[in-house]
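The block underneath contains the structure these notes are about, expressed in structure tokens.
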Amino acid sequence: PTEVGVGQQFSVQWTGPQTQGDYITIVKPNARDKAYKSYAYPKDKADTVTLTAPLEAGGYEIRYVQKGKSVLARAAITVNAVEASVSAVDTAEIGSPVTVSWTGQNTQCDYLTVTKPDASEKSYNSYQYTKSGENLELVMPAEPGEYEIRYVQSSKKVIARRPITLTESIINLQSPDSITVASEFEVSWEGYGYERDYITIAKPDMRDKQYITYQYSKGGSPITFTAPEEPGDYEVRYVLADKRVIARKSLTVSP
């Protein structure tokens, strides 16, 4: 073709000597003979190869390079920029699933993600490949603040972005103040329980991701736990998206 979109795969027809080390590539017209970006080797019984256009728009040329040294043939090609967009709500709770709709070229390895606005183009938290559908669900990060939803082309270049504000999630935990060792008790909570949230029993000095036992909150409130077998001071914790404790309640386990 004489024109393709950035990141797009396309076919190239060829004829040539097909000596060992020959390849077909796409590069800038002023690139040296040995330069290459996307490339493919010409093979027996096939008169076409597939290349991937660069992610920067502009004028390029397709080259047949013999033995990786000298250019035997070339053809001009224009790589055009493509338009993309992402749409979502303006605000959401931390850890919540947000539906994102998008438009774009849907080239190989394109994905949607949510990151801090100053994060590098290759940074990502929760992500979904665009090939999965036109409306995708992203799980929001566990820290409140300003973020942006991005369309990342070919896992390399951000071509669309949209700001989103994440607010604190409010969870009210309810459980007994004290319980005897190895006995069963119920933990209930008020608030939205997201897919990756869970409730743990932990020592007060344990880190957020540490626990003695846990259960996922997606099963609904209340949840039945068995108390630890050692007396002492503990905490019942609500852990958001497998990362951060956003609610806790003291629990004394007695002999």
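The values are calculated or read from the model by the stated rules, or taken from the named source; none is laboratory data. Note that this is a predicted model, so its numbers are computed, not measured. All Cβ positions, glycine included, derive from the backbone under ideal geometry; neighbour counts span all protein chains shown. Remember, those area values only see protein heavy atoms, side chains included, never the ligands or the DNA or RNA. Shrake-Rupley method; radii C 1.70, N 1.55, O 1.52, S 1.80 Å.
At a glance:
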item	result
Tally, over the range 127-147, of residues that are of a type in the set (Gly, Ala, Ser) and open to solvent by 60 Å² or more (accessible area, probe 1.4 Å)	1
Qualifying residue in the range 201-220 (condition: of a type in the set (Asp, Glu) and under 21 Å from residue 96 (Cα atoms))	yes
Residue that is farthest from residue 186 (Cα to Cα), among those in the range 214-241 that are among the β-branched types (Val, Ile, Thr) and either under 23 Å from the mean Cα position of the chain (by Cα) or open to solvent by 50 Å² or more (accessible area, probe 1.4 Å) (or both)	239
Residue within the range 162-182 that is open to solvent by 30 Å² or more (accessible area, probe 1.4 Å) and under 30 Å from residue 54 (Cα atoms) present	yes
Sole residue being open to solvent by less than 50 Å² (accessible area, probe 1.4 Å) and under 29 Å from the mean Cα position of the chain (by Cα), chosen from 196, 150	150
Of all residues making up the range 99-121, the number that are open to solvent by 10 Å² or more (accessible area, probe 1.4 Å) and touching a strand residue (DSSP E or B) at 6+ places or on another chain (Cβ under 8 Å)	13
Flag if residue 244 is of a type in the set (Lys, Arg), open to solvent by 30 Å² or more (accessible area, probe 1.4 Å), farther than 30 Å from residue 104 by Cβ and at pLDDT below 95	yes
The range 21-42, residues that are touching a Pro at 6+ places or on another chain (Cβ under 9 Å) and of a type in the set (Asp, Glu)	22
Scope the range 101-144; condition part of a strand (DSSP E or B), within 16 Å of residue 195 (Cβ to Cβ) and of a type outside the set (S, T, N, Q); matching residues	114, 127, 136, 137, 138, 139
Selection from the range 146-197 of residues that are touching a Lys or Arg at 6+ places or on another chain (Cβ under 9 Å) and of a type in the set (A, V, I, L, M, F, W, C)	149, 152, 158, 159, 160, 173, 187
Number of positions in the range 181-214 that are without any contact (Cβ under 8 Å) to a residue 40 or more places away in the chain, under 13 Å from residue 225 (Cα atoms) and among the hydrophobic types (A, V, I, L, M, F, W, C)	2
Within the range 8-83, strands (runs of 3 or more DSSP E) holding 2 or more residues that are more than 30 Å from residue 103 (Cβ to Cβ)	23-27, 58-66, 70-80
Sole exception among (1) under 26 Å from residue 159 (Cα atoms); (2) modelled with pLDDT of 90 or more; (3) under 30 Å from the mean Cα position of the chain (by Cα) for residue 82, by number	(2)
Any pair with Cβ under 7 angstrom, 6 or more apart, that starts in the range 18-41 at a residue that is free of Cβ contacts under 8 Å to residues at least 40 places away in the same chain and ends at one that is in a loop (DSSP other than H, G, I, E, B) and exposed (fewer than 12 other Cβ atoms within 10 Å of the Cβ)	33/69; 34/69
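Quick grid of which residues meet (1) of a type in the set (Val, Ile, Thr); (2) open to solvent by less than 50 Å² (accessible area, probe 1.4 Å); (3) free of Cβ contacts under 8 Å to residues at least 40 places away in the same chain; (4) in contact with a Leu (Cβ under 6 Å, 6 or more places away or on another chain):
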site	(1), (2), (3), (4)
49	yes, yes, yes, no
53	no, yes, no, no
58	no, yes, yes, no
62	yes, yes, no, no
65	yes, yes, no, no
68	no, yes, no, no
76	no, no, no, no
79	yes, yes, no, no
88	no, yes, no, no
